[in-house]
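The values are calculated or read from the model by the stated rules, or taken from the named source; none is laboratory data. In this text the structure is predicted, and so the values were computed from the model without any measurement. Here Cβ is always computed from backbone atoms with ideal geometry, including for glycine, and neighbour counts include all displayed protein chains.
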């Protein structure tokens, strides 16, 4: 997926924005799981893993992030609806959009489109013992490593991944 910043207007686009995004998404996922459990539905445990690359557009120089998420397929098997109508409520796409807007300090109803997803193949699955699926995902991840759109030496990291703080995962501890 691609996480962009608005062309105009102020937002929180500092170097911590990507950490705030992952924290907000972990919170959104835990809330989603809690609501499903309260409704009496079976919910599979999931741990959010992610990798990101910070890039700059070649034409306009705008900073943006490419992000790959790894989740339990039994919990989220697709992105779901992108809209914020009742049909899209609770979809993984909506959780991502809410988390990105939260990280930037912007209202989601006006800025959800800043989190965009590949129209061709937004989700891929890996069976543990399938080398072909693993290779396909690796090839997709190589896109994050392209050098020509990175900016080095500006004091910010160009790559990163989640650290999986147990206090934010699976509702084991609540946020204060």
- The lone condition residue 97 fails out of (1) in contact with a helix residue (DSSP H, G or I) (Cβ under 6 Å, 6 or more places away or on another chain); (2) over 16 Å from residue 18 (Cα atoms) is (2)
- Enumeration of residues in the stretch 134-152 that are assigned to a helix (DSSP H, G or I) and within 21 Å of residue 119 (Cβ to Cβ): 136, 137, 139, 140, 141, 142, 143, 144
- Under the condition of being in a loop (DSSP other than H, G, I, E, B) and modelled with pLDDT of 85 or more, which residue from the stretch 153-167 is farthest from residue 14 (Cα to Cα)? 162
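Considering each residue of the stretch 100-119, count those that are free of Cβ contacts under 8 Å to residues at least 40 places away in the same chain, surrounded by fewer than 21 Cβ atoms within 10 Å (Cβ to Cβ) and in a helix (DSSP H, G or I), and give that number.
Narrowing the stretch 100-119 to residues free of Cβ contacts under 8 Å to residues at least 40 places away in the same chain: 101, 107-110, 112-113, 119.
Retained after the next criterion (residues that are surrounded by fewer than 21 Cβ atoms within 10 Å (Cβ to Cβ)): 107-110, 113, 119.
Pick out the ones that are also in a helix (DSSP H, G or I) and you get 108-110, 113.
Residues flagged as free of Cβ contacts under 8 Å to residues at least 40 places away in the same chain, surrounded by fewer than 21 Cβ atoms within 10 Å (Cβ to Cβ) and in a helix (DSSP H, G or I) within the stretch 100-119 amount to 4.
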- With respect to the numbered conditions (1) modelled with pLDDT of 85 or more; (2) part of a loop (DSSP other than H, G, I, E, B); (3) under 21 Å from residue 136 (Cβ atoms), which one is the sole condition not fulfilled by residue 69? (2)
- Kindly indicate whether residue 5 is in contact with a strand residue (DSSP E or B) (Cβ under 8 Å, 6 or more places away or on another chain), more than 23 Å from residue 137 (Cα to Cα) and modelled with pLDDT of 95 or more. yes
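Residues to consider are 78, 112, 145, 103; find the one that is more than 19 Å from residue 21 (Cα to Cα) and out of contact with any strand residue (DSSP E or B) (no Cβ under 8 Å at 6 or more places or on another chain).
So the residue among 78, 112, 145, 103 that is more than 19 Å from residue 21 (Cα to Cα) and out of contact with any strand residue (DSSP E or B) (no Cβ under 8 Å at 6 or more places or on another chain) is 78.
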- Would it be correct to say that residue 18 is closer than 23 Å to residue 137 by Cβ, in contact (Cβ under 8 Å) with a residue 24 or more places away in the chain, outside any strand (DSSP E or B) and in contact with a strand residue (DSSP E or B) (Cβ under 6 Å, 6 or more places away or on another chain)? yes
- Query: When residue 59 is evaluated against the numbered criteria (1) free of Cβ contacts under 8 Å to residues at least 60 places away in the same chain; (2) more than 21 Å from residue 126 (Cα to Cα); (3) in contact with a helix residue (DSSP H, G or I) (Cβ under 7 Å, 6 or more places away or on another chain), which criterion, by number, is the only one it fails?
  - Reply: (3)
- Item | Selection status of residue 34, over 10 Å from the mean Cα position of the chain (by Cα) and either in a loop (DSSP other than H, G, I, E, B) or surrounded by 19 or more Cβ atoms within 10 Å (Cβ to Cβ) (or both) | no
- Task: Would you be able to tell me the number of residues in the stretch 37-56 that are surrounded by 13 or more Cβ atoms within 10 Å (Cβ to Cβ) and free of Cβ contacts under 8 Å to residues at least 60 places away in the same chain?
- Result: 1
